[in-house]
1. Nearest 500 deg cm²/dmol is fine: what mean residue ellipticity at 222 nm does the chain get from its DSSP H runs of n ≥ 4 alone, each adding -39,500 (n - 2.57), divided by its residue count?
2. If one takes the longest principal axis of the Cα atoms in the chain, at what angle in degrees, from 0 to 90 and to the nearest 10, does the Cα axis of helix 99-111 lie?
3. For the chain, find the longest principal axis of its Cα atoms and tell me its angle to the long axis of helix 161-170, 0 to 90°, nearest 10.
4. Using +1 on the beta carbon of Lys and Arg, -1 on that of Asp and Glu, and nothing else charged, what's the dipole of the chain about the Cα centre, debye to 20?
5. Using the Kirkwood radius over Cα pairs, work out the Stokes-Einstein diffusion coefficient for the chain at 10 °C and 1.306 mPa s, in µm²/s as a whole number.
6. Mind checking which of 20, 108, 140 has the largest fluctuation in a GNM of the chain, springs on alpha carbons under 10 Å?
7. For the chain, what proportion of DSSP beta bridges, expressed in % and rounded to the nearest 5, is antiparallel?
8. Rank-order 109-118, 35-44, 156-165 by packing density, defined as the average count of other C-beta atoms within 10 Å over each peptide's residues, highest first.
Amino acid sequence: MLCLACAMPEPPLCSSCERSLRTVPRRIVADGAVAVDVVAAFAHSGAASQLVRHLKYRRSIDAGRYLARRMARLVPPDATGLVPVPRVMARRISYGIDQTRLLADELSRITGLPVRGVLAANLWSPRSAGRGRVHRPVPSFAAKAYTARPVLVDDVCTTGRTLIGAALALGYARTPAVVATSAGSMG
């Protein structure tokens, strides 16, 4: 088996990739009366960003399982369900995976919490990768009623706009989120 990040012959991560993993502090992302308490397994750099890329664009289930194992310890103890923030349909079809659903399913297997697919994304939206906070709209999601204490699950938090959109759809003023990696300015 090979390193999940760089493909060197040392699984699941080679020593160089393992050393590149960095943690980041918990952050609050807010917009108006909505706030999301975001905790990330890793900073979005080095091997962690490679793992997310492999999961997202190469359908690497093993990368997703590795990330979920590291995310599991961050799930709040009072959580009652995991709510994956869905990928828009066009990208799910194009890349053949909804990476947040895979992460949530693996987190469920580890924690025993149920996955609640109560959010639905649009069919298509422009990519926000590479855009600054000012140029990233808050995406809208359709949501089914959900009254338990949800934990949002996402792969990457850059500005937090997607998580804010998910929290708005669920109707919560304050929501916890567990993400694989965080990048950029989250404030």
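We did not get these values from a lab; they are worked out from the coordinates using the rules stated. Remember, predicted model here, so these are calculated numbers, not experimental data. No Cβ is skipped: glycine too gets one built from the backbone with ideal geometry, and neighbour counts run over all protein chains shown.
1. -9500 deg cm²/dmol
2. That helix lies at roughly 80 degrees to the long axis.
3. That works out to roughly 50 degrees.
4. Details: 26 positive and 11 negative charges, 64 e Å.
Charge dipole, the chain, about its Cα centre: 300 debye, nearest 20.
5. Rounded to a whole number, D works out at 97 µm²/s.
6. Ranking 20, 108, 140 by mean-square fluctuation puts 20 first.
7. Values: 7 of 25 bridges.
The antiparallel proportion sits near 30 percent.
8. Numbers: 109-118: 15.3, 35-44: 21.9, 156-165: 23.5.
Per-residue mean Cβ counts within 10 Å order the peptides as 156-165, 35-44, 109-118.
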